[in-house]
Amino acid sequence: MIKESPLTAETVVYRQTVPAGDYWMEVVKAGQTLRILDLEGNQAADTLFYAATDPSERYSAIDTIREQGNAYLTAGSVLMSTENRPMLTITADTCGRHDTLGGACATESNTVRYALDKKCMHACRDSWLRAVAERDEFGLTKRDITHNINFFMNVPITPDGGLTFADGISGSGKYVEMRAEMDVIVLISNCPQLNNPCNAYNPTPIDVLVWD
Amino acid sequence: MSDAILYEDDIPGGAHWSFTLRRGTVLRLIDLEGGANVGMLFYNPANPLERYNAPDTLKCQHTFKLTAGHCLYSDMGRIFCSIIKDSVGWHDTVGGVANRAMVAAKWGEKTYQEARNDWTQNGRDSFLVEAGKYGLGKRDMAANVNWFSKVAPDAEGTLSFDPANSIPGAHVDLRFEMDTLVLFHTCPHPLNPSADYPRKPIRYQLREAAPVAADDLCRTSRPENARGFANTELYTAGAPVVGA
């Protein structure tokens, strides 16, 4: 569902550009609004959320999908935790659909999906592992790397049980915005994937904006 | 696969169990009464940070459901087990588990004090209890498989549970391609619309697998699976293969 935000860039309290292949890891407080902006189009922002007070509670794709009764995320979707509690609510979305089934690329999964000799190409899970190592004040490790959201990715499923990676439906300047319902650690890998036609083999930067 | 049953056992509904299965073992799950649900998670016993990864499993096989020909992948690009036979046709991998509060809200709570082992056990607590036996906990949980359950999307992605998916005697065969820690429960699927807490028993059987042939269904069902088998065979190279 396309829903524009009333918020304007003039009133942000934070704005940061995240290049493809890099990560962003910060706390967003309850009541703050987080926007992820696709600067050039058809980029994927692979995102995990953790409860800041107890990171063993984290975003759960399956609880989110089941509780809303639909496989896709858009404005109105409530992002649920592993304790089945609301973590964030998507308040605006100019893309219309985001994936939470396809997961994140990894060097190992690239060997399966593309070719065994792709194993040394940079991948989202490597960015996450660097993030949890560099930002060790959060106390996270590989153990905490779980099943994420792919903002701006289009992964349609079919009534007969198929799943496909379709061309992106995002474009330059499209964004998704969400209000935190609890203090959350946000961990984004701006996807470096070079093997998937869905980003035209061209990973590009995103902006992250926060409003009080 | 040898027809000789190495071991078989029944698990009542609303219960949980776990074991480590060796590479080269076939686990058959049998829905005794129809309408069963078996929630299951998989770990590498040598390094439990390697666990079942639903997204990797679905995207590399371009599937939303699991059935014969599919492989269940770890996050390390390896195959825990492959589905060599399936009489059901659709097993769920997105419905997750119900927790205690969800079960109580849906079916009412029967405490252990009042109902003894006919209490309303839930999938979330079941996984945490079995995980705890191996030093694992909340941080090790993942999106689980729900054998025998079907949650199908319409064209808009809206999901519905099919209560008629699994009939009495339905069964699915999982061939383990590496040693695997298996946690499972027989608690109700969270979307089961039954008016009463569904308490459905299952039987499981262990058999010795035949060696994986070059034209094996799971190895050849997609080019991705040939590479998944190559990764797994590299990992297990030198390990004794039961049945070889």
Query raised in the report: Quick check: is even one residue across segment B:164-171 more than 19 Å from the chain's Cα centre (by Cα), of a type outside the set (Asp, Glu), more than 22 Å from residue B:97 (Cα to Cα) and surrounded by fewer than 22 Cβ atoms within 10 Å (Cβ to Cβ)?
Result: no
Query raised in the report: Any idea which residue in segment A:100-125 is nearest to residue A:47 (Cα to Cα), counting only those that are part of a loop (DSSP other than H, G, I, E, B) and at the interface with chain B (Cβ under 7 Å from one of its Cβ atoms)?
Result: A:103
Query raised in the report: Within segment A:193-210, is even one residue more than 10 Å from chain B (Cβ to nearest Cβ), under 15 Å from the mean Cα position of the chain (by Cα), buried (at least 18 other Cβ atoms within 10 Å of the Cβ) and among the charged types (D, E, K, R)?
Result: no
Requested in this report: Could you identify the single residue in B:214, B:237, B:226 that is free of Cβ contacts under 8 Å to residues at least 60 places away in the same chain, in contact with a helix residue (DSSP H, G or I) (Cβ under 7 Å, 6 or more places away or on another chain) and surrounded by fewer than 18 Cβ atoms within 10 Å (Cβ to Cβ)?
Outcome: B:226
Report task. With respect to residue B:163, determine if the residue is more than 10 Å from chain A (Cβ to nearest Cβ) and touching a Leu at 6+ places or on another chain (Cβ under 9 Å). Result -> no
Query raised in the report: Which condition number does residue A:34 fail, the rest of (1) in contact with a Ser or Thr (Cβ under 9 Å, 6 or more places away or on another chain); (2) closer than 20 Å to residue A:152 by Cα being met?
Result: (1)
Report summary line: Within segment B:129-149, the count of residues that are in contact (Cβ under 8 Å) with a residue 40 or more places away in the chain and part of a loop (DSSP other than H, G, I, E, B) comes to 10
**Report entry** Conditions (1) within 8 Å of chain A (Cβ to nearest Cβ); (2) under 21 Å from residue B:204 (Cβ atoms); (3) of a type in the set (S, T, N, Q): number failed by residue B:117
**Finding:** (1)
Requested in this report: Taking residue B:80 as meeting all but one of (1) touching a Lys or Arg at 6+ places or on another chain (Cβ under 7 Å); (2) within 14 Å of chain A (Cβ to nearest Cβ); (3) of a type in the set (Phe, Trp, Tyr), write down the number of the exception.
Outcome: (1)
Requested in this report: Go through segment B:116-128 and count every residue that is in a helix (DSSP H, G or I) and surrounded by 14 or more Cβ atoms within 10 Å (Cβ to Cβ).
Outcome: 7
**Report entry** Close pairs (8 angstrom Cβ cut-off, 6 or more residues apart or separate chains): within 11 Å of chain A (Cβ to nearest Cβ) and over 13 Å from residue B:72 (Cα atoms) in segment B:41-55, part of a strand (DSSP E or B) and at pLDDT 95 or above anywhere
**Finding:** B:48/B:181
Requested in this report: Sort out which residues of segment A:136-155 are surrounded by fewer than 19 Cβ atoms within 10 Å (Cβ to Cβ) and not polar (S, T, N, Q), and write them in order of number.
Outcome: A:136, A:137, A:138, A:139, A:142, A:143
Report summary line: Result of the Cβ filter at 7 Å on segment A:128-147, keeping first residues that are closer than 16 Å to residue A:105 by Cα and partners that are polar (S, T, N, Q), at least 6 apart or interchain, is A:128/A:189
Report task. Could you please find all residues in segment B:2-60 being aliphatic (A, V, I, L, M) and part of a strand (DSSP E or B)? Result -> B:11, B:21, B:26, B:27, B:29, B:30, B:38, B:40, B:41, B:49
Query raised in the report: Is it true that some residue in segment A:70-86 is within 13 Å of chain B (Cβ to nearest Cβ), within 26 Å of residue B:140 (Cβ to Cβ), buried (at least 18 other Cβ atoms within 10 Å of the Cβ) and aromatic (Phe, Trp, Tyr)?
Result: no
Query raised in the report: If you take the residues of segment B:67-101 that are free of Cβ contacts under 8 Å to residues at least 40 places away in the same chain and among the charged types (D, E, K, R), which of them is nearest to residue A:85 (Cα to Cα)?
Result: B:100
Report task. Count, please, the residues in segment A:117-162 that happen to be at pLDDT 95 or above, over 18 Å from the mean Cα position of the chain (by Cα) and basic (Lys, Arg). Result -> 2
**Report entry** Pair list, Cβ under 6 Å, 6 or more apart: segment A:4-29 residue surrounded by 13 or more Cβ atoms within 10 Å (Cβ to Cβ), other residue hydroxyl-bearing (Ser, Thr, Tyr)
**Finding:** A:20/A:204; A:23/A:127; A:23/A:189
Report summary line: Flagged in segment A:126-168 as at negative phi, outside any strand (DSSP E or B) and hydrophobic (A, V, I, L, M, F, W, C), in numbering order, are A:128, A:129, A:131, A:132, A:133, A:138, A:140, A:145, A:153, A:155, A:165, A:166
Query raised in the report: If only one of B:195, B:226, B:152, B:213 is in contact with a Gly (Cβ under 8 Å, 6 or more places away or on another chain) and either not charged (D, E, K, R) or not in a loop (DSSP other than H, G, I, E, B) (or both), which one is it?
Result: B:152
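The values are calculated or read from the model by the stated rules, or taken from the named source; none is laboratory data. Since this is a predicted model, take the numbers as computed values, not measurements. For neighbour counting, all protein chains shown are included, and Cβ atoms are generated from backbone atoms with ideal geometry for every residue, glycine included.
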